Each structure stands twice: as structure tokens, then as C-alpha cells.
């Protein structure tokens, strides 16, 4: 069997060896155990169900609450040449959904959003077909103790057959005891085997640097980029800033491109490609960048702001050093940045008077679009309020929104605290996710002491700016030796 | 600059007879009677559907900028006029080889097909079949799959002839160096990434929006070349359904069909349960676009040709002004005359 594992690993995925934890998890799955697996983000979670897919006889069902993540995983499988993969999510038209449902047995990997799982016809179909494994991806969303609780996801437990059900694999990057127990209970798992990896990424070294002004911040960022090598990602808060930094830095001779959701899809793809192929050294992005970018040798991640939660921070810095080599995560901040981050996270959030206005105007027969057009509410307000007005009373909505806003503010405050107090950053990160740090690398973080020169290479001579080529040369690059 | 010049060009020709929204509707390719009539009577076939997704916000910002720069004025009734300064800026406008009326934004679909076919063949050529398609639109992917299956697309001969056609079409007489830079860097393939609009804008030192105009122009030139050059068979097949076969709107097409079957104006209105004014719009559209359609029917005295000539002498397309000069004729009749006589106005002159 083990021999077989390595053969599939090599033939299908092109790897010689497993990453830490993967083999044990897969072994448990093949033994038909229920499994809760905790792996840090970006360390090969999806392989844990993809590989068994080629050894087990029937369909692998993956429930995934994050749409973009789902799309990315489907794309990865397709890129590997796997055709038997399909995603059921809100992007499908009813007709498409019908057609796909009818031939669902054909597919080896079926991805579903939790909402889809609750639809009767989907449920009926799934209960009648043969399934080898059920995967709950981002399983912390099932738990109300998780940082990203999704109520819809809760109901996954209701659907599961009681008798003779296939084994369940719950995957997450959070390890607090509450969350783990909750996942086990909600999914009605039978004495799940727990495979827990350390969530620490020892090769990532953390630095928090206080700056005095926006200009000072840019100078220091530029200095760091000029002195130490990429590939690297700069995370910033707005599309405008992403564009501006990219422009200013490219004028300094740095090969860089902006990336944000306001760009057309083809452009975003071009930036990913250029980054993967080292045609550019840096990407300056909003948090839209990362999903689907599988680059192993990112040496630096720079933040010019406090991200909206420790989970997001961990996710973004986690894009560095997937090859295991030393990497640097630097965050530049001023004292005021906490307020700015709070503003960005909550300024489009409905307040008490928005809730009341929405209610009154709806009663008067005003529709949501009119409210947006007249500038009374934003699209985001309307999206949130339309959803909750069907489900909660006004007072409940108001107090829930206030609670959520408080929570967002606390999460940002936590990020600020962790990065600016005197305690080891690494230790605090793993604590947030419910673990203790067992050992600390030398050059751990800016608070424990950090010598950057020992970590990342100093920057090479800047290669030339990207220059456009004559068209005939471009064409013969596309079709060489013509 | 180019974008502003296009707006200046339209404002000048509109001659204070339309509000500032008219150019926006036109560039978005709005299918309304008014906009479609403006296309012909003011000679705006080039710019129709130039920016199908142009947002009101972006447009308003440009307009504000042009007011601030002193290129145009907009009065309280939202009527724009060019200033002396604006006219001098317009003087330097290059001649654009756009044909928006013919392609109506469909040129985008053609380029999506072209870029996905190129990416696919480039990977096959490199014997590397694993890639993420540059076009995510399922319809485009489906079309390209179907297109490629019509050939032995994995063969070197096929890839060679595709490459040959690309090389040929890149040498179309009317393409400038700028066009070729844009086109070649928006294509991507095996280990060759495309270049973003922002990067192109930095490298070429041109505004992004102007590069979009040039790019659309470039695709129009290529489509023209493909439709006339018999050596471009593969690309010709790729341009299937891109050119508008009938310039009529869907609804006007239905009215035209009924009319051809011999139904009268009143019968069509009753049959389709549409207001008279809507059917009038359809007939105006037909007068504008169908050379075989004669407006004689609506001029029992048989004097439509001379009326068209008379109207041509008036320096206005504004109906109310014309009505004062020709009080015996209805607005509908005047619109028919304008539509039928519009052609001569679509010259190159700025």
C-alpha cells in the first residue's frame, strides 16, 4: 500500500516525498477513519484528499465554504489533467445544475458549497450515489468558536446519513480545543483521529517596523526592496494605493505590477503569470492576491497596514517560504494605522440608522436599487440588510450588527497588539490558533532579535525594466523556431 | 487625450442639439431610437459601442476634467459646446479607423477567441498541455474547443499555418507600430506572459483609456483585413458571427419582417401590441439602415427626394427647428427624411 502511495504521489502529482503530516492523514483515510487534520495554510492540505481520490473506488465529495478557494482547487485539478472534477455553486444556472446533477456519478471530485448541500434535489442525488470520502474544507467555519463562522455550514451535519456513511475528513488551520470538539460534534464524527501539525512556520521571520509618516513608510519600503531580494508581495489596503506604489516603484527600476480586483480578469492572470515566471520580482496587491498563486519561492511579504484579523495576516504572510527556505514578513506601521484599518473594515458597514432607514423605505415600497441610486445606502448595506431583514427583527439586526462591528474592531486591535507589544510575534500567532510554541528559531522576529542579512539575500543587480519587444519577436516566442 | 478628442468631436458635431449624455449613450452602444438616429444623422458610426462598459462615473470625471481644462462648456440645460481651446485640441486629432457600427463591441469576442486559440496552440507547440486558460468565459472556451476540433489542430502543419496567418495579418497595411505593440503583448502562451494595460501604459507613455481605443481600432483593422484577404482562412472562420449581419435592433428586425410580408404600419402596431411611437422608431431605423427600404410610402405626394435635399441645406439635425421650417410635415416624416439623408454626413472631416 505504501509503495502504491508513493507511486501515485509521483505519477499524478510529480512529487518524490510527502510534506510533514500528509502521509499519516492519507493513511488514516484509507483505513476508513474519521479524521480531523490541522495543517498550516499553504502546506499541502488539498493533497490529503486528492491523492486518496486515485486509490478509493468512488466519488470524493468536498464541501467548501469559500467560493474562490473552491474555484482555485477545481482549476488546480484540471491543470493536472483531471477531467472528472466539477463544482456546484451559485455560479451555475438552474439548467446547468440539472445537467451536471444527472451525470454526477461520472465525476471523481465533486465540490459543493454548503448552501448547495441543503437543496433537496442535490441532497437526494447525493444520498443515492456511492461516495468514498466526505471532505469538510475550512472546517473551522462549522464551529461557532471559529473565527470565520458560517451558519449555513452548520447544517452539513443534518444531511449526513446515520448508517454506513463514508468516512469524513475535516481540514482546518485552527487548533483551539473548542473548535476541534465542535467540528467533531457538528459532523457527528466517530472518535475522529486527530492529526495535528504545528501551525508555526519556522522559516518565516517576522518584523514590525514603526514609521513616522506615509513618506517615511514609502522610503523604508523602497529601501528594503532595493536592499533585499524578492520575489515578494506588498499587501496594501486599496486599489488606488496598489496602483500608486506599483507606479512609483517601477519608476525606481523595480520590476513590479499592481494586482487588485478592479483590474480585468485577463490582466490579473497576466500578473500571476509574470510573477510565477519571474518576469516581475514584486507584486503590489490588495488582499485579492494570493488564491491560486502557487509560487514556492516567495522570499518577502510586506504589509503597509494592519490586516483585518490575525487569520488574514497569517494567510498573507503564509504565502512566503513555501519551499522551506528563510523568508521575511515585514509590517510597517504608524500609531494611527489601527484607526485607518478600522475605518476600512467598517466604513461600509450598516449602522443603526441605516437599518431603520432600510426598514422604513422598504415598507413604503421603495426597492433596494432606488435606495442605492439615491445615495441613501451603499450596495454593501443593501446586500447585508436584504439578507437579514428576512431573518431577524430590526432590533435583533441592530444589536447583531453592533456586535459584529465590535468584533471586527477587536480583531484589528488584536493584530495591532500582537505586532506592536513587546512579546514574541511567533509565539502570539500560534497562541491565537490554539497552540503553544515548542521551539524558537534564531532570528525569530523583530522583538526577539532579527538580523535580516542572515536571512534573505541582498538584492542582485536590478535586471532591466521590462521592455516591450518587436511584434515579430513576440510571435516567434509564442511559436519558437518558426 | 484621444478619448477627450473623441468627446470633443461629438460635442462639436452635436452643435448644441443634444445633452452631454448623448456621447455616453453612443459610446456605450445604447440601442434606443434616439441614439441610433444620432449615429447616422450626426455621422458617429465610428464611435458606436466603443466602450460598452463605460461607467457614468468615469465619463463624468472626464467631462469635468474637460470643463476644468476649458475645452468645453456645459450649460444649465446640460447642453455642451466646444470652446476655442477645445477646437484647437480637436485639430490635432488623428484619423481613427474605427467601425463601431459594424462590429458593435463584438470585436472583443473575436479577440477573446484569438487569444485562447493562440495560448492553446502555443502550449501544444511546446508539448505542454497543462495550462490555465486565459479566457474564463465558458462560452468562449466552448467555442474555441469546437473551432479547434474542426482541424487536426495538434499537427505541426496546422500550427504552422496558424502562425503564418498571424504573421500575415500583423502586416496589414493600416496597422501602426503602436497597434502591433498592443496586439502582440496582449497575446500570451507557453512561458510568455501577457502584459497588463497598466504596464503598457507606463511603457508606452500613453493613457490607459487611449490604449483601449487604439486596441479596438487595431482589431477593427484586422477584421477588415480578414474579411477581404483570402489567405486568412483560419482567421476568417474565427470571425464567425462577429460582424453585425443586420444593423437593426432585435425588435426593429421583427417589425421589418412583418413589413416585408406585406403588413401595414397599423397592422404591425396592432399585431405586436406596441405603441405607434415605437413602430415609428423601427421605421426610422429601417430608413437609416436598409438601402432597399423606401420612405416614399409615407410621402403620398412623392416629394421625399427633394425634401431630403432641402433639409440638407439646413445646418441642423434638431427636430424642433426643422419643424418650424417645415410645419406641414409630422415629426415622424421629418425623422424619416433625416434618417434617409444621413449618409452624406459620415465623412472624415472633423
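Based solely on its DSSP helices, what 222 nm [θ] is calculated for the protein assembly as shown when runs of n ≥ 4 H residues each add -39,500 (n - 2.57) and the sum is averaged over all residues, nearest 500 deg cm²/dmol?
Helix-only estimate at 222 nm: -15000 deg cm²/dmol.
How many Cβ atoms of partner chains, on average, are near each residue of A:270-277 if near means within 10 Å of its Cβ? Let's see the in-between values first.
Numbers: counts 10, 6, 2, 8, 6, 1, 2, 3.
So the per-residue partner count for this stretch is 5.
Taking one quarter of the surface of the convex hull spanned by the alpha-carbon atoms of chain A gives a direction-averaged projected area of 26.9 nm². Pairwise Cα separations in chain B fall into 20 Å bins from 0 onward with the following percentages, short to long: 26, 50, 23, 1. Remark: the residue A:264-residue A:159 segment gains 33.9 nm on full extension, using 0.36 nm per residue and subtracting the alpha carbon distance.
Just to confirm the number: angle between the C-alpha axis of helix B:138-149 and the first principal axis of chain B, 0 to 90 degrees, nearest 10? Rounded to the nearest ten degrees, it is 60. Packing order of peptides A:111-121, B:288-298, highest average first: A:111-121, B:288-298 (average count of other Cβ atoms within 10 Å over each peptide's residues). Under 15 Å from a label point 7 Å along Cα→Cβ of residue A:118: give me every residue in the stretch A:363-403 with its amide N that close. Inside the label zone: A:387-392. Expressed to the nearest 5 percent, the antiparallel share of DSSP beta bridges inside the protein assembly as shown is 10 percent. Cβ crowding within 10 Å ranks B:49, B:155, A:476, A:198 as B:155, A:476, A:198, B:49, fewest other Cβ atoms first.
With the convex hull built on the Cα atoms of the stretch A:139-283, state its orientation-averaged projected area in nm². Intermediate results must be reported in sequence, preceding the final value.
Working: hull surface 52.2 nm².
It is 13.0 nm².
May I ask you to order A:26-34, A:47-55, B:267-275 by the average number of other C-beta atoms within 10 Å around their residues, highest value first?
A:47-55, A:26-34, B:267-275
Find the relative contact order for chain B and round it to a whole percent, using C-alpha pairs within less than 8 Å whose residues are 6+ positions apart. List each step's numbers first, then the result.
Values: 376 pairs, mean separation 73.1, N = 350.
Reported relative contact order: 21 percent.
Pair-distance distribution of the protein assembly as shown: all C-alpha pairs, bin width 10 Å, starting at 0; shares per bin in whole percent are 2, 10, 17, 21, 21, 15, 8, 4, 1, 0, 0.
Highest first, please rank the peptides B:226-236, B:183-193 by the mean number of other Cβ atoms sitting within 10 Å of their residues. Mind showing how you got there, number by number?
Numbers: B:226-236: 15.5, B:183-193: 22.4.
Result, highest mean Cβ count within 10 Å first: B:183-193, B:226-236.
Inside 10 Å of the C-beta atoms of B:179-189, what's the mean count of C-beta atoms belonging to other chains? Numbers along the way, then the final one.
Values: counts 1, 5, 5, 2, 3, 10, 6, 3, 5, 7, 6.
Per-residue shielding by partner chains comes out at 5.
Each label point was placed 7 Å from the Cα along the Cα-to-Cβ direction; for residue A:223 and residue A:339 their separation is 2.6 nm.
Residues within the reach of a label modelled at residue B:126 (point 7 angstrom out along Cα to beta-carbon, backbone nitrogen below 14 Å), restricted to the stretch B:194-219, are B:194-195.
Each 5 Å bin, from zero up to the one with the longest distance, holds this percent of the alpha carbon pairs of the stretch B:107-238: 2, 10, 20, 23, 22, 15, 7, 2, 0.
Arrange the following residues from fewest to most other Cβ atoms within 10 Å of their Cβ: A:456, A:317. Let's see the in-between values first.
Details: A:456 22, A:317 29.
Fewest-to-most ranking of A:456, A:317: A:456, A:317.
Relative to the longest principal axis of the Cα atoms of chain B, the long axis of helix B:56-68 lies at roughly 70 degrees. A Gaussian network model of chain B, with springs between Cα atoms under 10 Å, assigns the largest mean-square fluctuation among B:250, B:217, B:225 to B:250.
So what is log10(I(q)/I(0)) for the stretch A:79-215 at q = 0.13, 0.17, 0.20 1/Å, when the Debye sum runs over its Cα atoms only? Cα-only, vacuum Debye calculation for the stretch A:79-215: -0.69, -1.02, -1.27.
Measuring r between the beta carbons of residue A:46 and residue A:248 and using R0 = 35 Å, the FRET efficiency lands at 0.40.
With neighbour counts taken as other beta-carbon atoms within 10 Å, the residues A:140, B:123, B:314, A:260 rank, fewest first, as B:314, B:123, A:260, A:140.
If each residue of separation counts as 0.36 nm, what is the full-extension length gain between residue A:417 and residue A:404 once their alpha-carbon separation is subtracted?
Numbers: separation 13, 0.36 × 13 = 4.68 nm, distance 1.97 nm.
Stretched out fully, the residue A:417 to residue A:404 stretch lengthens by 2.7 nm.
Taking the centroid of alpha carbons for each part, the stretch A:79-130 and the stretch B:31-70 are 44 Å apart.
Between residue B:229 and residue B:324, what length comes free when the chain is fully extended (0.36 nm per residue of separation minus the Cα-Cα distance, one decimal in nm)?
On the way: separation 95, 0.36 × 95 = 34.20 nm, distance 5.02 nm.
Contour length minus the Cα-Cα distance gives 29.2 nm.
Computed from label points 7 Å out along Cα-Cβ, the spacing between residue B:174 and residue A:196 is 7.1 nm. Extending 7 Å from Cα along the Cβ direction at residue B:292 and again at residue B:146 yields two label points whose distance is 2.8 nm. List residues of the stretch A:288-328, by number, whose backbone nitrogen lies under 18 Å from a label position 7 Å along Cα→C-beta of residue A:67. It comes to A:288-292, nothing else. Relative to the longest principal axis of chain B, what angle (0 to 90°, nearest 10) does the C-alpha long axis of helix B:250-260 take? It is inclined by approximately 60 degrees.
Here, each number is a calculation from the coordinates, and none is a lab measurement. If you're wondering where the values come from, they're calculated on a predicted model, not measured in any experiment. Please note: Cβ atoms are built from the backbone with ideal geometry, for glycine as well, and neighbour counts cover all protein chains shown.
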